[in-house]
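Notes follow once the structure below has been shown.
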Amino acid sequence: MKSKLNLDPKVVDSARQHAANIAHDMQEFIERHTTVSTERTIVRLLGVDGVDDVDTPLPNVVVDQIKEAGALPTGAAYWMGNAIVQTGKEPQEIAQEMAAGKLDITKLPTCSQEEAAEALKPAIKKTFERIDMQKAKRKEYLETIGEGPEPYVYVIVATGNIYEDVIQAQAAARQGADVIAVIRTTAQSLLDYVPYGPTTEGFGGTYATQENFRIMRKALDEVGEEVGRYIRLCNYSSGMCMPEIAAMGALERLDVMLNDAIYGILFRDINMQRTLVDQYMSRVIIGYCGIIFNSGEDNYLTTDDAIEAAHTVTASQFINEQFAVLANIPEEQMGLGHAFEMDPSTEDGFLLELSQAQMAREIFPKARLKYMPPTKFMTGNIFRGHIQDALFNLVTVWTHQSILLTGMLTEAIHTPLMQDRYLSIENARYIFNNCRHIGDEVEFKKDGIIQKRAQEVLGKADELLAEVEKEGLFSTIEKGIFGGVKRPLDGGHGLEGVCTKGENYFNPFIELFLDHE
Amino acid sequence: MAETKTATTQVDLTCVKPYGDALNDGKVQLSFTLPIPYGEEAEECAKQYARKLGLDEPNVCYYCELTKGYTFFNVYGTAQATIDYTAIKVPKVEGTVMDRVECGEWIGEHIGRDIVVVGASIESDAHTVGIDAIIQMKGFHGHFGLERFKNVVPYNMGSQVPCEQLIAKAKEVNADAILVSQTVTQKDIHIKQLTKMIELVEAEGLRDKIILTCGGPRISHELAQELGYDAGFGPGKYAEHVMSYIMQEVEKRGWQKKPNIADR
């Protein structure tokens, strides 16, 4: 593809190389550590589910017991494998006995690591059969009923009640939505466990639980068959339980998951060591399962200025891309994020937005770019808001963005009403159809405002990445370079859940998920 | 019918009604959804509903099906109800509003020490947008935040801060004022959380020793006062509004020489 922005491929290569070095540097840290949430993910993938009599999820019961015994450095996989060898029972049964206080798995006689690994094989096989069945089901749907054209229309539902969410989601699909994101209740990101069962109470969203995933999946498959389009389901593999929710998403066939460690550090104050280790496990799962991950760069622009800080978004996209490469995520599953968040009173602001979006497309040609609508400068004037969203939709179709998070005219007033969503989708469909090939027809003036802006932002992103490479990602975040938010290495939530791997540690899933064949 | 030949230019403020393109024409536009199937019965239903809302001559200018069993309407009508504008009283934050530079100078002259404020988005609310708009250096929409004010020392604790932690910080740094931000309002969660904050401040015996303010897109000064806050700041209010109020309140309470909470 010829660059419409006249971007220098050498600068792109340089930025990408810096980002690769940053990610590799981090990967060394990641590989030396594990976390309680990573271990709980292993336990879940071995088939453990459910809660004890005080509603503590069984994966937490298992991992807490191992942690309290000081045995976490060996990893939950070993202890579960050993328990199977010693008791002859299945993982779920073992977890139930632990919850009932009948079994302490760190006090059993111990077998070798090889024997433990061997004992886990039937449980692992069962899990992969389920995940592979879900992958096949998605493929079958895409081959039979098909999907809507890009940009996928992505809308949110956020009633707090999963059954109410279902009604809204099915209505949205009938109105033309391709992706339904079930917004999570506020504060779930900081819970160090995943709630269990169907839920009907949440604030600003609905709890992410495996049962809720299952209920929504079924509803979207039904409506997808009805409208003749596969409807993708999105939720959050983020917060303190990042990899556990990725595993749940794998088992219940989610298609898109928000997943970005840097977002969690900056905007949820999650400890950076914890969440970077968690992110790796979650992305390895996401990569295998054909899930599109969405990174959260768009959020930088809600706290930082969209014009001044544009290069931090680009730099972060490069870093997220390289983290994804290490987790063996195909480019088509990289939903790198960015946003239309410049102050609408800026002269030629539309040209700058167009430049930024086109640049993201040229730098990441195959990525499933996720483009976020105006939020920061939405005022409650719904009439102007609808026009702001229209300009955003125009940039989206013009620059071939992949996933459009539809802007709502009532942003800054309330979570979307059924009619708001209808009007937003109507707006997007009108513009997409009316301007379908505008990007193929229009070129940009050489050295004009649009070209120069992109070249400048790319240049600054490259410089920033060089600095981050020299400095290291941890200390860059400590200095507040992304989103203007500073976070200390040992601060934030969840550091107590990070642990250095012992000599005999093993996680049987990483290798299996990395191998997509 | 002489009066219809000239335009009515004088509004009677004791009985005002909406203005379309002529005084007292009562023109109102509204959009809503009814949970009924699309069709002519739906149109009639919307008309009757508009009449019940007090609109004469309802005109359903557009309607369509949102999804099976739900119909969306755009309706114009002529409102009959009137309001006595002269009888309206809205509680407002008292004092003069100064700009950022004036605030800094005013504090220097009238208070003679730094004003300390602590702000956070409390409890379950994960949104920093409001508190950042007031405190962060870059502020919002061209209005710089308190970090850029002279003679002001602000602490921004971010989001999801438990009330207890916010109060502890206020005590630790001897804050003159606490700024509580609430963005999420679903199921009135903001009311519950703002009330919890008030109760804890009272339980700690701090109610008269600290200026307590709150803000957010759905917060008004009136609501804030009902809940027991000293002041509330809604949409369109920036750092200079908040600081203008706080500094004048510090002077009024005679805290110029009382930087320590214990002395107040």
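The values are calculated or read from the model by the stated rules, or taken from the named source; none is laboratory data. In this text the structure is predicted, and so the values were computed from the model without any measurement. No Cβ is skipped: glycine too gets one built from the backbone with ideal geometry, and neighbour counts run over all protein chains shown.
A:Leu352 passes all but one of (1) touching a Gly at 6+ places or on another chain (Cβ under 6 Å); (2) farther than 16 Å from A:Glu297 by Cα; which number fails?
Exception for A:Leu352: condition (1).
Which numbered condition trips up B:Ile167, out of (1) within 12 Å of chain A (Cβ to nearest Cβ); (2) of a type outside the set (D, E, K, R); (3) assigned to a helix (DSSP H, G or I)?
(1)
I'd like to know if region A:430-446 contains one or more residues that are among the basic types (Lys, Arg) and within 14 Å of chain B (Cβ to nearest Cβ).
At the first step, the residues of region A:430-446 found to be among the basic types (Lys, Arg) are A:436, A:445-446.
Keeping just the survivors that are within 14 Å of chain B (Cβ to nearest Cβ) gives none.
No: region A:430-446 contains no residue that is among the basic types (Lys, Arg) and within 14 Å of chain B (Cβ to nearest Cβ).
Condition first: within 12 Å of another protein chain (Cβ to nearest Cβ) and either in a loop (DSSP other than H, G, I, E, B) or surrounded by fewer than 18 Cβ atoms within 10 Å (Cβ to Cβ) (or both). Now tell me which residues in region B:112-142 satisfy that.
B:Glu123, B:Ser124, B:Asp125, B:Ala126, B:His127, B:Thr128, B:Gln136, B:Met137, B:Lys138, B:Gly139, B:His141, B:Gly142 - these are the residues of region B:112-142 that are within 12 Å of another protein chain (Cβ to nearest Cβ) and either in a loop (DSSP other than H, G, I, E, B) or surrounded by fewer than 18 Cβ atoms within 10 Å (Cβ to Cβ) (or both).
Just to verify a result, which residue in region A:411-429, among those that are touching a Ser or Thr at 6+ places or on another chain (Cβ under 8 Å) and among the β-branched types (Val, Ile, Thr), is nearest to the other protein chains (Cβ to nearest Cβ)?
Only one residue tops the list, namely A:Thr415.
Identify, by number, the condition in (1) in contact (Cβ under 8 Å) with a residue 40 or more places away in the chain; (2) at positive phi; (3) out of contact with any Asp or Glu (no Cβ under 8 Å at 6 or more places or on another chain) that A:Gly101 doesn't meet.
Status for A:Gly101: all satisfied but (1).
Which of the residues belonging to region B:227-240 are surrounded by 20 or more Cβ atoms within 10 Å (Cβ to Cβ) and assigned to a helix (DSSP H, G or I)?
B:Ala239, B:Glu240
Can you name the condition, by its number, that A:Pro122 falls short on among (1) within 14 Å of chain B (Cβ to nearest Cβ); (2) assigned to a helix (DSSP H, G or I)?
Only one criterion in (1) within 14 Å of chain B (Cβ to nearest Cβ); (2) assigned to a helix (DSSP H, G or I) is unmet by A:Pro122, namely (1).
Just to be sure, is B:Glu105 in contact with a strand residue (DSSP E or B) (Cβ under 9 Å, 6 or more places away or on another chain) and of a type in the set (Asp, Glu)? Lay out the reasoning, then the answer.
Details: in contact with a strand residue (DSSP E or B) (Cβ under 9 Å, 6 or more places away or on another chain): no; of a type in the set (Asp, Glu): yes.
The answer is no for B:Glu105.
Collect the residues in region B:178-208 that are away from chain A (no Cβ under 13 Å), aliphatic (A, V, I, L, M) and closer than 19 Å to B:Ser159 by Cβ, keeping them in residue-number order.
Listed by number, the residues that qualify are B:Ile178, B:Leu179, B:Val180, B:Leu194, B:Met197, B:Leu200.
Would you be able to say whether some residue in region A:102-109 is of a type outside the set (Ser, Thr, Tyr), part of a loop (DSSP other than H, G, I, E, B) and within 14 Å of chain B (Cβ to nearest Cβ)?
Among the residues of region A:102-109, not one is of a type outside the set (Ser, Thr, Tyr), part of a loop (DSSP other than H, G, I, E, B) and within 14 Å of chain B (Cβ to nearest Cβ), which makes the answer no.
So in region B:60-80, with the set limited to residues that are more than 14 Å from every other protein chain (Cβ to nearest Cβ) and surrounded by 13 or more Cβ atoms within 10 Å (Cβ to Cβ), which one is nearest to B:Gln29 (Cα to Cα)?
Filtering region B:60-80 for residues that are more than 14 Å from every other protein chain (Cβ to nearest Cβ) and surrounded by 13 or more Cβ atoms within 10 Å (Cβ to Cβ), the one nearest to B:Gln29 (Cα to Cα) comes out as B:Tyr76.
Determine which member of the set A:Ala123, A:Ala116, A:Ala99, A:Ala95 is under 34 Å from the mean Cα position of the chain (by Cα) and under 18 Å from A:Lys501 (Cα atoms).
Details: A:Ala123 fails: under 18 Å from A:Lys501 (Cα atoms); A:Ala99 fails: under 18 Å from A:Lys501 (Cα atoms); A:Ala95 fails: under 18 Å from A:Lys501 (Cα atoms).
Sole residue among the options that is under 34 Å from the mean Cα position of the chain (by Cα) and under 18 Å from A:Lys501 (Cα atoms): A:Ala116.
Restricting to region A:149-167, name every residue that is surrounded by fewer than 22 Cβ atoms within 10 Å (Cβ to Cβ), within 14 Å of another protein chain (Cβ to nearest Cβ) and part of a helix (DSSP H, G or I).
Hits for region A:149-167 are A:Glu164, A:Ile167.
Suppose we keep only residues that are closer than 17 Å to A:Ala412 by Cα and more than 12 Å from chain B (Cβ to nearest Cβ) within region A:358-385. Which one would you say is farthest from the chain's Cα centre (by Cα)?
Restricting attention to region A:358-385, the residues satisfying the condition of being closer than 17 Å to A:Ala412 by Cα are A:372-385.
Checking which are more than 12 Å from chain B (Cβ to nearest Cβ) leaves us with A:372-374, A:384-385.
Values: A:Met372: 14, A:Pro373: 18, A:Pro374: 20, A:Arg384: 31, A:Gly385: 27 Å.
The extreme case among them is A:Arg384.
Just wondering, is there one or more residues in region B:171-179 that are touching a residue at least 40 places away in the same chain (Cβ under 8 Å), under 18 Å from the mean Cα position of the chain (by Cα), buried (at least 22 other Cβ atoms within 10 Å of the Cβ) and within 24 Å of A:Ile270 (Cα to Cα)?
Among the residues of region B:171-179, at least one is touching a residue at least 40 places away in the same chain (Cβ under 8 Å), under 18 Å from the mean Cα position of the chain (by Cα), buried (at least 22 other Cβ atoms within 10 Å of the Cβ) and within 24 Å of A:Ile270 (Cα to Cα), which makes the answer yes.
Let me spell it out: the conditions are (1) within 12 Å of chain B (Cβ to nearest Cβ); (2) under 30 Å from A:Phe29 (Cα atoms); (3) surrounded by fewer than 24 Cβ atoms within 10 Å (Cβ to Cβ); (4) in contact with a strand residue (DSSP E or B) (Cβ under 9 Å, 6 or more places away or on another chain), and A:Gly264 meets all of them except one. Which number is the exception?
(3)
Does A:Thr209 fit the bill of being away from chain B (no Cβ under 14 Å) and of a type in the set (Val, Ile, Thr)?
yes
Condition first: closer than 15 Å to A:Met240 by Cβ, away from chain B (no Cβ under 14 Å) and among the acidic types (Asp, Glu). Now tell me which residues in region A:268-316 satisfy that.
Across region A:268-316, the qualifying residue is only A:Asp278.
Here's a check for you: in region A:488-507, which residue that is assigned to a loop (DSSP other than H, G, I, E, B) and touching a strand residue (DSSP E or B) at 6+ places or on another chain (Cβ under 9 Å) is farthest from the other protein chains (Cβ to nearest Cβ)?
Looking at the filtered set, the residue picked out is A:Tyr505.
Could you pull out the residue among A:Phe340, A:Phe364 that is surrounded by fewer than 23 Cβ atoms within 10 Å (Cβ to Cβ) and either polar (S, T, N, Q) or farther than 24 Å from A:Ala171 by Cα (or both)?
Answer to the selection: A:Phe364.
Checking the structure you have, find out if any residue of region B:209-230 is more than 17 Å from the chain's Cα centre (by Cα) and within 14 Å of another protein chain (Cβ to nearest Cβ).
There is no residue in region B:209-230 that is more than 17 Å from the chain's Cα centre (by Cα) and within 14 Å of another protein chain (Cβ to nearest Cβ).
If a residue must be over 23 Å from A:Ala177 (Cβ atoms) and within 14 Å of chain A (Cβ to nearest Cβ), how many such residues does region B:16-41 contain?
2
With respect to B:Glu222, is the statement that it is in contact (Cβ under 8 Å) with a residue 60 or more places away in the chain and either crowded, with 16+ Cβ neighbours inside 10 Å or in a helix (DSSP H, G or I) (or both) true?
yes
Please verify whether region A:397-419 includes one or more residues that are part of a helix (DSSP H, G or I), more than 30 Å from B:Gln182 (Cα to Cα) and at pLDDT 95 or above.
The answer is yes; a qualifying residue exists.
If I ask for residues that are away from every other protein chain (no Cβ under 13 Å) and not in a strand (DSSP E or B), which ones from region B:143-162 would you list?
Start the filter on region B:143-162 by keeping residues that are away from every other protein chain (no Cβ under 13 Å), which leaves B:146, B:148-155.
B:Leu146, B:Arg148, B:Phe149, B:Lys150, B:Asn151, listed by residue number.
Give the residue, chosen from B:Ile261, B:Ile178, that is closer than 18 Å to B:Gln165 by Cα and modelled with pLDDT of 95 or more.
So the residue among B:Ile261, B:Ile178 that is closer than 18 Å to B:Gln165 by Cα and modelled with pLDDT of 95 or more is B:Ile178.
Six or more apart or on different chains, Cβ atoms under 6 Å: show the pairs whose first residue is in region A:323-344 and more than 30 Å from A:Leu391 (Cα to Cα) and whose second is polar (S, T, N, Q).
Pairs that qualify, where the first residue is more than 30 Å from A:Leu391 (Cα to Cα) and the partner is polar (S, T, N, Q), are A:Leu326/A:Gln27.
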